[in-house]
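Chemist: The structure that follows is given in the form of structure tokens.
The values are calculated or read from the model by the stated rules, or taken from the named source; none is laboratory data. The structure presented is a predicted model; accordingly, all values stated were derived computationally and were not measured. Here the Cβ positions follow ideal geometry from the backbone for every residue, glycine too, while neighbour counts run over all protein chains shown. Ligands, DNA and RNA are stripped out before the accessible areas are found, and what is left, the full protein with its side chains, is counted by its heavy atoms. Shrake-Rupley method; radii C 1.70, N 1.55, O 1.52, S 1.80 Å.
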Amino acid sequence: MQDRIDIREGLLEGAPEVHLSRRAIITGLACGTVFPFLSGCTTNPATGRRQLLLVNEGQIANMSLAAWSDMKTQIPQSSDRRLRNRVNENWSRIADGAGKGNEDWEVAIFDADTVNAFVMPGNKVGVFRGITELTENDDQLSSVLGHEVGHVTGRHAAERLSVNVASQTALQVGSIAIASQESLRGFGPTLGALGGAAIQFGVVLPYSRNHETEADKLGVDYMHNAGYSVREAPRLWDLMAAQSEGKRPPEIMSTHPDPVNRAAALRQYINDKGYDVV
Ligand SMILES: [Zn+2]
């Protein structure tokens, strides 16, 4: 069971502790199940999907600022002007495609081989040189950047934090129920640990993978809006699959979907939407 919650959408760990009132948590747990109209449940305008949000992005933006500053002091940023221009220009274009071009963004291009990018609450975007070198063209780069904007419009950081807090509360409630039953008392810690694993693999990780899939699709929408070639999005995931072959954990134990599955899902989405025939 995670005792810390990562609100970065991408790689690495590092997370704030969050304390929420019992009332807010109970309200949240009821979302979409017993009382779908309580506060804590909102419909996301970008996706049309109802979400459990116990906190808003503004509140968690403050929590991630320290982690963002740490990263910038610990990882050198690229001094390659061509690369910086390339990332910044494509960022502006895809942010426009998402209707977010008028917001303030801070984009850091880190000089590291890591094949990844991430976004943090507060409109902080990190792109590693490694992923820019994997991309064959700006369309593929825009699919990486579009995916990151998708995490923002999908409000994934706030939702993941909310679901994680709600899951831990549910687990605690379960442990209390076990502890109060005489015959089960001796098994309390074991059952609690099993419950933790079940939540980790049954709720939190699939939630993460669903967020990745949703961000992939939103990214393609934004590529389409911005006039990029959307067929390059699944092509990028083919390249990712090739370079990560044999290095990934089984999908069920991972926060991210398998690259081969991501490429296939994107091709399906692009065809369904009529953006292109791939
Ligand atoms: Zn992601």
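Chemist: Within the stretch 88-127, which residues are outside any loop (DSSP other than H, G, I, E, B), closer than 13 Å to residue 148 by Cα and out of contact with any Gly (no Cβ under 9 Å at 6 or more places or on another chain)?
Modeler: 90, 91, 124, 125, 127
Chemist: Could you pull out the residue among 155, 86, 81, 93 that is open to solvent by 50 Å² or more (accessible area, probe 1.4 Å) and within 15 Å of the ligand (Cβ to nearest atom)?
Modeler: Result of the check over 155, 86, 81, 93: 155.
Here's the yes/no breakdown for (1) at pLDDT below 95; (2) among the basic types (Lys, Arg); (3) assigned to a helix (DSSP H, G or I):
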| residue | (1), (2), (3) |
| --- | --- |
| 189 | yes, no, yes |
| 192 | yes, no, yes |
| 200 | yes, no, yes |
| 203 | yes, no, yes |
| 221 | no, no, yes |
| 227 | no, no, no |
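Chemist: Take residue 165 and decide whether it is at pLDDT 70 or above, open to solvent by less than 70 Å² (accessible area, probe 1.4 Å), within 15 Å of the ligand (Cβ to nearest atom) and in a helix (DSSP H, G or I).
Modeler: Working: at pLDDT 70 or above: yes; open to solvent by less than 70 Å² (accessible area, probe 1.4 Å): yes; within 15 Å of the ligand (Cβ to nearest atom): no; in a helix (DSSP H, G or I): yes.
When the stated conditions are applied, residue 165 does not pass them.
Chemist: Continuing with this model, one more query. Please go through (1) surrounded by fewer than 16 Cβ atoms within 10 Å (Cβ to Cβ); (2) at pLDDT 95 or above for residue 58 and return the number of the only condition it doesn't satisfy.
Modeler: (2)
Chemist: Scan (1) modelled with pLDDT under 75; (2) away from the ligand (no atom under 16 Å from the Cβ) for the single condition residue 232 breaks and write down its number.
Modeler: If we test residue 232 against (1) modelled with pLDDT under 75; (2) away from the ligand (no atom under 16 Å from the Cβ), just (1) comes out false.
Chemist: To continue, here is another question. What are the residues in the stretch 130-152 that are over 22 Å from residue 231 (Cα atoms) and modelled with pLDDT of 95 or more, if any?
Modeler: Result: no residue meets the conditions.
Chemist: Can you find even one residue in the stretch 241-252 that is buried (at least 19 other Cβ atoms within 10 Å of the Cβ), of a type in the set (A, V, I, L, M, F, W, C) and within 16 Å of the ligand (Cβ to nearest atom)?
Modeler: Checked against the condition, which is being buried (at least 19 other Cβ atoms within 10 Å of the Cβ), of a type in the set (A, V, I, L, M, F, W, C) and within 16 Å of the ligand (Cβ to nearest atom), the stretch 241-252 yields no hits at all.
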